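Asks: For reference, the structure I am asking about is given below.
The values are calculated or read from the model by the stated rules, or taken from the named source; none is laboratory data. These numbers come from a predicted model, not from an experiment. Here the Cβ is made from the backbone with ideal geometry for all residues, glycine too, and neighbour counts use every protein chain on show. Remember, those area values only see protein heavy atoms, side chains included, never the ligands or the DNA or RNA. Shrake-Rupley method; radii C 1.70, N 1.55, O 1.52, S 1.80 Å.
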Amino acid sequence: MFRYVCNNRAFSNTVVILFLNKKDIFAEKIVHSDIVAQIPFSDYDGTPKDFYCGILYFISKFKDCLVDGEFNDSFIYVTCATDTNNMEFTLDSARTTILTDTLRQSGFLGS
């Protein structure tokens with residue numbers, strides 16, 4: 001699905017923001033399961049049961065879906081929707097990203 005959306009011509013001039021939500025659940029589950037044991041993720045070579053290695057792996061899987069390979073890491077947010085401080089920061093950052101990109105595309109900001 002990521003590959004289709006990110007590489008669709010309709011979205012060619014659109015900012016893509018990746019939200020990896022439910023980090024709290026992932027942190028709980030990773031301790032008891034191994035990513036590499038899941039067939040679709042058998043190429044995982046990070047540290048078993050490690051939250052940060054797992055997050056980096058899924059970010060790289062997402063980036064692998066992109067045809068042009070361009071994706072700014074500042075457009076990736078690891079979130080927990082029930083953490084109001086985290087969500088406030090995340091949504092403010094996403095809003096700034098979208099606004100900045102819109103201003104740049106309209107010529108109000110330099111390239």
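Asks: Would you confirm, using the coordinates I've provided, whether Phe51 is crowded, with 16+ Cβ neighbours inside 10 Å and over 21 Å from Leu99 (Cα atoms)? Talk me through it step by step, then tell me what you get.
Replies: Working: crowded, with 16+ Cβ neighbours inside 10 Å: yes; over 21 Å from Leu99 (Cα atoms): yes.
For Phe51, the condition - crowded, with 16+ Cβ neighbours inside 10 Å and over 21 Å from Leu99 (Cα atoms) - is met.
Asks: If I go through region 1-55 residue by residue, how many of them are assigned to a helix (DSSP H, G or I), free of Cβ contacts under 8 Å to residues at least 24 places away in the same chain and within 29 Å of Val67 (Cβ to Cβ)? Break it down into steps so the answer makes sense when it comes.
Replies: Of the residues in region 1-55, the ones assigned to a helix (DSSP H, G or I) are 2-7, 9-11, 23-30, 35-37, 39-41, 51-55.
Then drop every residue that is not free of Cβ contacts under 8 Å to residues at least 24 places away in the same chain, which leaves 4-5, 9-11, 25, 28-29, 35-37, 39-41, 52-53.
If we keep only those that are within 29 Å of Val67 (Cβ to Cβ) too, we end up with 4-5, 9-11, 35-36, 39-41, 52-53.
Total meeting the criteria: 12.
Asks: Hey, among the residues in region 26-43 that are surrounded by 14 or more Cβ atoms within 10 Å (Cβ to Cβ) and closer than 24 Å to Val16 by Cα, which one's farthest from the chain's Cα centre (by Cα)?
Replies: Taking the candidates together, the pick is Phe41.
Asks: Only one residue in Lys22, Lys49, Lys63 is touching a His at 6+ places or on another chain (Cβ under 9 Å) and of a type outside the set (Phe, Trp, Tyr). Which one?
Replies: Numbers: Lys22 fails: touching a His at 6+ places or on another chain (Cβ under 9 Å); Lys63 fails: touching a His at 6+ places or on another chain (Cβ under 9 Å).
Answer to the check: Lys49.
Asks: Same structure again: Taking the residues in region 73-96 that are in contact (Cβ under 8 Å) with a residue 60 or more places away in the chain and either touching a helix residue (DSSP H, G or I) at 6+ places or on another chain (Cβ under 7 Å) or of a type in the set (Gly, Ala, Ser) (or both) as candidates, determine which candidate is most open to solvent (accessible area, probe 1.4 Å).
Replies: We begin by selecting, within region 73-96, every residue in contact (Cβ under 8 Å) with a residue 60 or more places away in the chain; these are 75, 77, 79, 81, 90, 94.
Now restrict to residues that are either touching a helix residue (DSSP H, G or I) at 6+ places or on another chain (Cβ under 7 Å) or of a type in the set (Gly, Ala, Ser) (or both): 75, 77, 79, 81, 94.
Values: Phe75: 43, Tyr77: 20, Thr79: 2, Ala81: 62, Ala94: 8 Å².
Among those that are in contact (Cβ under 8 Å) with a residue 60 or more places away in the chain and either touching a helix residue (DSSP H, G or I) at 6+ places or on another chain (Cβ under 7 Å) or of a type in the set (Gly, Ala, Ser) (or both), it is Ala81.
Asks: Could I ask something else about it? Return yes when Lys63 is under 26 Å from Leu99 (Cβ atoms), in contact with a Ser or Thr (Cβ under 9 Å, 6 or more places away or on another chain), open to solvent by less than 70 Å² (accessible area, probe 1.4 Å) and modelled with pLDDT under 95 and no when it is not.
Replies: Working: under 26 Å from Leu99 (Cβ atoms): yes; in contact with a Ser or Thr (Cβ under 9 Å, 6 or more places away or on another chain): no; open to solvent by less than 70 Å² (accessible area, probe 1.4 Å): yes; modelled with pLDDT under 95: yes.
Here the answer is no, as Lys63 does not meet what is asked.
Asks: Please enumerate the residues belonging to region 92-111 that are in contact with a Leu (Cβ under 7 Å, 6 or more places away or on another chain) and more than 20 Å from Phe11 (Cβ to Cβ).
Replies: Result: Leu109, single match.
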